[in-house]
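Each value in this text was obtained by applying a stated rule to the coordinates, not by laboratory testing. From a predicted model like this one, the values you see are computed outputs, not experimental measurements. Methodologically, a virtual Cβ is constructed for each residue, glycine included, from the backbone with ideal geometry; neighbour enumeration extends over all protein chains shown.
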Amino acid sequence: MKRAQELDPLSLVLNYNNVLVGASAYDPFTGLIVFGIPNAAPTFKAGKTRAVVMASDYQEAKNINTVGNDIYPNTRFLLTRLRVVKGPTVTWIEPPAHVCALKSERLVVVADSTKKVRKVTFTDGGKRIGVDRSGGGVYSVTWKTGTLAKRTHKLLATVTDAAGRTAAAGRVLKVCK
């Protein structure tokens, strides 16, 4: 694979517990893949689950009649372990870490829990930037940096679910002006 933009989104497959699940959504710019797990599929148990993620580029369909041992030369297989938790999780999407922030920067995370997500709170060094209660898995706020000091800022996104449980993920950004 050369770049995420060259991946064929229809080729993205997750294999776990002898089940193959195709991707529900794929963002070629962030590399985020969403695998919606059907109700009929085996449930994940807390702990680690072995899995394989498979991906191909758009040219792979042309290689189906390739002679030799490498019949899928443009397909990659990633053996991994999924860490399954009972509770909330949060992962940063945008902006990338350690970049210079613009005067107005959109902060984006994905968050979920085994209970309904109530809110995601974004902070900068403990000072609240904003709260998103929209639901739907993707949460964001606008961070206005125009009056902030030119330095490194430690941002935190904290998800809170209906049971009061929390999880947090940090992101370091610079205000460069």
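Give me, ordered by chain and number, the residues 5 or more places off LEU32 or on other chains with an amide H under 5 Å from its own placed amide H.
Amide H neighbours of LEU32: ASP27.
Which of (i) 35, 23, 12; (ii) 24, 18, 17; (iii) 79, 17, 10 is the computed semi-axes √(5λ) of the Cα gyration tensor in Å for the structure on display?
Given (i) 35, 23, 12; (ii) 24, 18, 17; (iii) 79, 17, 10, the structure-derived one carries the label (i).
Reachable aspartates and glutamates from LYS150, Cα under 18 Å, same-chain residues fewer than 8 places away excluded?
Partners within reach: GLU105, ASP124.
Using the Karplus curve 6.51 cos²θ - 1.76 cosθ + 1.60 with θ = phi - 60°, what ³J(HN,Hα) values do you get for each residue of the range 159-169, in whole Hz, with x for Gly and Pro?
9, 10, 9, 5, 8, x, 7, 10, 8, 9, 9
Post the alpha-carbon centroid distance, the range 125-177 to the range 40-54, in whole angstrom.
Distance between centres, Cα-based: 30 Å.
What Kirkwood Rh does the range 102-164 have if only Cα atoms enter the pairwise 1/r average? Answer in Å.
Numbers: mean 1/r = 0.0809 Å⁻¹.
Its Kirkwood hydrodynamic radius stands at 12.4 Å.
Determine the alpha carbon to alpha carbon distance for each of LYS48/LYS103; LYS45/LYS144; LYS45/LYS116 and list only those over 30 Å. List each step's numbers first, then the result.
Details: LYS48/LYS103 41 Å; LYS45/LYS144 41 Å; LYS45/LYS116 19 Å.
Long pairs (Cα-Cα over 30 Å): LYS48/LYS103; LYS45/LYS144.
Rank these for me by crowding, ARG171, ARG165, ARG50, going from fewest to most other beta carbons within 10 Å. Write down the numbers at each step before the final one.
Working: ARG171 20, ARG165 16, ARG50 11.
Ordered from fewest to most neighbouring Cβ atoms within 10 Å, ARG171, ARG165, ARG50 come out as ARG50, ARG165, ARG171.
Just to check I understand the Karplus step: with θ = phi - 60° and J = 6.51 cos²θ - 1.76 cosθ + 1.60, what whole-Hz values come out for the range 136-143, glycine and proline as x?
Per-residue couplings from phi come out as x, x, 10, 10, 8, 9, 9, 9 Hz.
With label points built 7 Å along Cα→Cβ from the Cα atoms of ASN39 and THR142, find their separation and express it in nm.
Output for this residue pair reads 4.0 nm.
If the chain between LEU82 and THR152 were fully stretched, how many nm would it gain, using 0.36 nm times the residue separation less the Cα-Cα distance? Could the numbers behind the result be given before it?
Details: separation 70, 0.36 × 70 = 25.20 nm, distance 3.18 nm.
That works out to 22.0 nm of additional length.
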